[in-house]
Amino acid sequence: MSTTGRGVLIGFAEALAAPEVAASLLGAGHRVSAFSRRGRPVALGRLRSVEIFEVTPPELDIEACRREIAELARDHDVTMPLDDPALLIADLALPAEATLAGPRGPRLELALDKRLQMRSAEAAGLAVPRWRELGAEEPGPSELGFPLMLKPALAAEARGGRLVRPSPRPAADGQELRERRLALDPGTPVIAQQWLEGTGRGLFGIADRNGIHHLSAHRRVRMMNPAGSGSSACASTPVPEELIGPVGEMLMSAGWEGLFMVELLESAGRLWFMELNGRPWGSIALSRRLGFEYPAWALARALDPGAPLPPAPPPRELLCRNLGRELVHLLFVLRGPRSAVGEWPGRAATVRDLLGPPYRGAWYNRDPSMGGLFWYDAWQTLAEQTWRRRGS
């Protein structure tokens, strides 16, 4: 079976990883299309070689979105979900015989349910911060203390004909916890988890029946929102050898296939499991700059489980930044914290870090094949986050 020159449907096009995934697939010789929420501008649209198809936002009507993606998928050889909503909807939309470069069945449940992830991680011997699922009327668990994180148990779910995806929120005390609970739908399954101060880390790779391989790792240098969010800057690190066995056991016990990301937190000299991502991750730009073409490799394996992969590139040090997210980070720092949870970066130090000596690392979405997408994405990220946070 040929694993090149295929028609690939990716989405949602709004996903942070979308431009880098498209570039990886295009570089492997595939034809790439993407689905996006109707009426929402996407940076990926700046790539003339990628056709964008608008669909009904699943947050408005998940069944209409499912039908429209199902119709698009019939005209493509393979579909690759890029974020958690797309994982859920692609599984609903595609028949069992369709080629999906992503998890299905029990593997999809693991990818979307943090409760399953943490139990699986604990069983494999990974360190997991203390946590507990809360009932609808249950007060905060006293054994966890404060501060803590209040998280939806499901990364994405269908409820009332719509896709629901609440965000995790920190709670510094009982009052904040009650406010966070009231902001969530009563039907949302919720996890309370011990708060740990530390540095975000990530372990990335490909899994198959022979184990996990083509591994790389990074640490977060800065988060877009210092209170908790994805990276605005990250740096490559050596792969933590002590994690290879437990992570491999966790994924092999689930029968995992394809790419994966394990999100970790380094705190008090330990690496703590935070979550599993079963689709391309936001910082995949760093992986690609290091030579790890995870999207193209995952697609090749989805088309042919025995497809050979090139040798993993040698490790090297590299810092990679997202211009738009770095600017949003600066705005967050200048605004100041809205919760007493965690330390907040100093304004002067942040300005020095962001606007200091000439930068010699790599950038998200800055590639000769992407044209003006880099500048458009930076502007769009800044405008979108500024509008979203206005008044918050």
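The values are calculated or read from the model by the stated rules, or taken from the named source; none is laboratory data. Quantities reported herein were computed from a predicted structural model and do not represent experimental measurements. Heads up, the Cβs are rebuilt from the backbone with ideal geometry, glycines too, and the neighbour counts pull from every protein chain shown.
What to note about this one:
- Any hit, segment 122-130, residues being acidic (Asp, Glu), crowded, with 19+ Cβ neighbours inside 10 Å and more than 27 Å from Leu184 (Cα to Cα): no
- The strands (runs of 3 or more DSSP E) falling completely within segment 230-306 that include 2 or more residues that are touching a residue at least 40 places away in the same chain (Cβ under 8 Å), under 29 Å from Gly27 (Cα atoms) and touching a Gly at 6+ places or on another chain (Cβ under 9 Å) map to 231-237, 258-267.
- In this structure, Arg289 does not satisfy being within 28 Å of Leu126 (Cα to Cα) and either at pLDDT 95 or above or in contact with a Pro (Cβ under 8 Å, 6 or more places away or on another chain) (or both).
- Of the criteria (1) within 29 Å of Val164 (Cβ to Cβ); (2) in contact with a strand residue (DSSP E or B) (Cβ under 8 Å, 6 or more places away or on another chain), which one Gly7 fails: (1)
- Residue within segment 312-334 that is more than 19 Å from Gly200 (Cβ to Cβ), more than 24 Å from the chain's Cα centre (by Cα) and not assigned by TED's automatic domain parsing to the domain that holds Pro170 present: yes
- Complete set of residues in segment 307-344 that are of a type in the set (A, V, I, L, M, F, W, C) and assigned to a loop (DSSP other than H, G, I, E, B): Ala307, Leu309, Ala312, Leu318, Ala340, Val341, Trp344
- Phe53 of a type in the set (Phe, Trp, Tyr) and more than 20 Å from the chain's Cα centre (by Cα): yes
- Top-ranked residue of segment 93-112 - restricted to ones that are in a helix (DSSP H, G or I) and in contact (Cβ under 8 Å) with a residue 40 or more places away in the chain, ranked as farthest from the chain's Cα centre (by Cα): Pro106
- The set of residues in segment 362-380 that are in a loop (DSSP other than H, G, I, E, B) and surrounded by fewer than 16 Cβ atoms within 10 Å (Cβ to Cβ) comprises Gly371, Gly372.
- Options Pro226, Pro186, Pro152: the member that is touching a residue at least 24 places away in the same chain (Cβ under 8 Å), touching a strand residue (DSSP E or B) at 6+ places or on another chain (Cβ under 9 Å) and not β-branched (Val, Ile, Thr): Pro152
- Segment 145-164, residues that are over 15 Å from Arg115 (Cβ atoms) and at pLDDT below 90: Gly145, Phe146, Pro147, Leu148
- Residue in segment 20-39 that is under 22 Å from Gly282 (Cα atoms), in a loop (DSSP other than H, G, I, E, B), in contact with a helix residue (DSSP H, G or I) (Cβ under 6 Å, 6 or more places away or on another chain) and in contact (Cβ under 8 Å) with a residue 60 or more places away in the chain present: yes
- The residues listed here are Ala28, Ala34; of these, the one that is assigned by TED's automatic domain parsing to the domain that holds Ala86 and over 22 Å from the mean Cα position of the chain (by Cα) is Ala28.
- Only one of the listed residues (Leu112, Leu87, Leu82, Leu100) is out of contact with any Pro (no Cβ under 8 Å at 6 or more places or on another chain) and among the hydrophobic types (A, V, I, L, M, F, W, C). That residue is Leu112.
- Search result, residues across segment 197-212 that are surrounded by 22 or more Cβ atoms within 10 Å (Cβ to Cβ), more than 17 Å from the chain's Cα centre (by Cα) and within 16 Å of Ala302 (Cβ to Cβ): Ala207
- Residue check, Leu72 outside any loop (DSSP other than H, G, I, E, B), under 18 Å from the mean Cα position of the chain (by Cα) and on the phi < 0 side of the Ramachandran plot: no
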